[in-house]
Amino acid sequence: MEQESNKHESFVLISFSRITGNANFYGSELKQDHYIQLVVLQSEIQRDLTCDRYFASNRSPLIKLRMSAGQFSELITSMNKGDGVPCTLEYANDKKIQPFPAYEKRKDFVHRKFEDRMKSFSGSLKERQDKAKVIIQKDKLSKDDKKELNWLIESINQEINSNIPFFAKCFQETVDEVVFEAKLETENAIQHKINVLGLEALHNQNKLLSDKND
């Protein structure tokens, strides 16, 4: 008689969990063995004279998503910054999301674009070479001939001195970002293990003191 239950579509429970399992992540170059999972469940409140209790009224999550430890750290330390932090949706609106698709890693994308650029440059270089041969075989070069030769040389110089180094720089920056992400994820995994071992040691120490007192 003294207990009541109430439900409403705005009542939800939210939780973070550390999950062990191999998975890929949107916005991350690395596959992870440990990650953070967020779950939102529809909730109800049971109220009596002594307290309020919050329960999941439906075990099927409204939303479930996962993020790497690095993404989780960025999420909680980068409020009001940009549109948000990438994460991977697993479940939403009573519907299981399709498994994470295989898509090209950023470093592979940059490498492929560089190869495409080199193939294109090789083809255009042959065309420019043929044009230059035709021009220099003339007995007398006109003003337009000289202008075109100058453009051919400048375009080759632009590609060699600016465009190719730019691609190389992008590739190196991508590799550096992947290395940094790997270091960050490793540090998070080590810190988590230290915390777990520390809590276990503290628990064992407290148990030992309790036994001694008994």
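None of the figures in this text is laboratory data; all of them are computed from the coordinates on show. Computed from a predicted structure; not experimentally measured. Ideal geometry is used to build each Cβ from the backbone, glycine not excepted, and the neighbour counts take in all protein chains shown.
For the stretch 4-96, pairs of C-alpha atoms spaced more than 17 angstrom apart make up 58 percent of the total. Taking label positions 7 Å along the Cα-Cβ direction at both Val40 and Ser17, the computed distance is 1.8 nm, reported to one decimal.
With a cut-off of 15 Å, note down the residues of the stretch 61-84 whose backbone N falls inside the zone around a label point 7 Å from the Cα of Tyr54 toward its beta carbon. The answer is 62. Per-residue Cβ neighbour counts within 10 Å put His8, His34 in the sequence His8, His34, beginning with the fewest. By count of other Cβ within 10 Å, fewest leading, how are Glu4, Glu148, Glu173 ordered? The order, fewest Cβ neighbours first, is Glu4, Glu173, Glu148. A Förster radius of 45 Å combined with the Cβ-Cβ distance from Asn6 to Lys31 puts the calculated FRET efficiency at roughly 0.55. Among the trypsin sites (Lys or Arg not before Pro) in the stretch 1-54, those placed in a DSSP loop whose Cβ has at most 16 other Cβ atoms within 10 Å are Lys31. For the pair Gln98 and Phe166, the difference between a 0.36 nm per residue extended length and the Cα-Cα distance amounts to 20.8 nm.
Over the stretch 43-161, what lengths in whole Å, largest first, do the semi-axes of the equivalent ellipsoid take, defined as the square roots of 5 times the eigenvalues of the alpha-carbon gyration tensor?
With the √(5λ) rule applied to the stretch 43-161, the semi-axes are 66, 16, 11 Å.
Here's the picture: charge each Lys and Arg Cβ at +1 and each Asp and Glu Cβ at -1 in the stretch 4-96, and of Ile14, Phe25, Cys87 the one pushed furthest to the positive end of that dipole is Phe25.
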